[in-house]
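Below you'll find the structure, written out as structure tokens, and then a few comments.
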Amino acid sequence: MIYPSLLDARRKGEKQLAVLIDPDKTDRKLITRLCELAERGGVHYFLWGGSLVNETQAEYYLSFLRAHTKLPIILFPGSIYQLSAQADALLFLSMISGRNPELLIGQHVLAAPRIKRLNLEVIPTGYLYIDGGTTSSVGYMSNTQPIPANKPEIAQATALAGKYLGHRLIYLDAGSGAKNPVNATMIKAVRKEIDDLPLVVGGGIRHPEQAAMALSAGADCIVVGNSLEESPDLLPELAAVVKGMTVQS
Ligand code: 1GP
């Protein structure tokens, strides 16, 4: 089970790293390389999902990933077409930063019977899209407005509402390829409000210093995708930062 391992890591102060693979932007070479590098340690999960996703191609690459890693694979779906029994768990995302009912309940109703049949571990996730300084796929595809980056109090109240609604995880996301990752003030504000819920932060993390900033501000797990598509060899450096943050905590 994945969720207990997230909770356990949080309780021990162990920081975690998830590598996001977008099925539409990957290939066998990239997956092989990321798996080789992840094998050296310091990576806790693979996240799998994207904004578009060609279903046939996604299943093929997901099998390929499954065959090349023993790490847990967590679905981070951009739509109901991205569900697969090949994964270990599913972030059941409610886009609580937005006001699009389809992403708060509509798509969930359509997906629920299929999720049950696939027997996936479901992690109810309160997802907050934060302005990352650029128009992102998530904003465009979800037809929602991001929370302004200079309004930590809005993110804080939203995350608290997510906790009261029963979400088990809060995900702050500036969107894939964001110009500006979620800032420390906002991460700290949210962290303070959600007690023991694991906090995942992603979007625009490219440099080790940005990873360290997010973790020291209170993220339990960071997600990195875009920068690893461009330079997979950045992974060991990021993994070392995450490990180093654990020792200090
Ligand atoms: C996006 O949080 C993820 O949903 C990761 O973002 O691709 O910018 O690393 P990047």
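The values are calculated or read from the model by the stated rules, or taken from the named source; none is laboratory data. On a predicted model such as this, the values are computed, not experimentally measured, just so you know. With ideal geometry, Cβ positions are generated from the backbone for all residues, glycine too; neighbour counts draw on all protein chains shown. Accessible surface is based on the protein model in full, side chains and every heavy atom, while ligands, DNA and RNA are left aside. Shrake-Rupley method; radii C 1.70, N 1.55, O 1.52, S 1.80 Å.
When the chain is treated as a Gaussian network with alpha carbon springs shorter than 10 Å, the biggest mean-square fluctuation among ALA157, ALA89, ALA178 belongs to ALA157. Per the Debye formula on identical point scatterers at the alpha carbon atoms of the chain, with no solvent, log10 I(q)/I(0) at q = 0.13, 0.14, 0.16 Å⁻¹ is -0.73, -0.87, -1.19.
Cross-link partners of LYS192 among lysines, defined as those whose alpha carbon lies under 19 angstrom from its own and excluding same-chain residues fewer than eight positions apart: LYS12, LYS15, LYS151, LYS163. Electrostatic bookkeeping for VAL122 treats Lys and Arg as +1 and Asp and Glu as -1; over the other residues with beta carbon under 11 Å from its beta carbon, the sum is +1. Excluding same-chain neighbours fewer than eight residues apart, the lysines reachable from LYS29 by a Cα-Cα span under 20 Å are LYS70.
Once the 1.4 Å probe is applied to the protein heavy atoms, the range 26-134 comes out at 47 Å² accessible per residue.
The stretch between GLU102 and ALA67 holds 9.2 nm of extra length on full extension. This uses 0.36 nm per residue minus the Cα-Cα distance. For the pair LEU30/SER231, report the inter-label distance in nm, with labels modelled 7 Å from Cα in the Cβ direction. About 1.6 nm, to one decimal. Under a 5 Å amide H cut-off, with hydrogens placed 1.01 Å from N, ILE21 pairs with LEU47, TRP48, GLY49 among residues at least 5 apart or on other chains. Put a dot 7 Å past the Cα of MET141, heading toward its Cβ, do the same for LEU52, and the two dots end up 1.0 nm apart. By accessible area, using a 1.4 Å probe on protein heavy atoms only, the chain has 54% of its surface on carbon and sulfur.
Give me the distance between the Cα centres of the range 30-49 and the range 143-158, rounded to whole Å. Each part reduced to its Cα centre gives a spacing of 31 Å.
Shape index of the range 142-249: Rg/Rh, with Rg the Cα radius of gyration and Rh the Kirkwood radius from the inverse mean 1/r over Cα pairs, equals 0.97.
Normalised by the number of residues in the chain, what is the relative contact order in percent for Cα pairs under 8 Å and 6+ residues apart? RCO, the chain: 22 percent.
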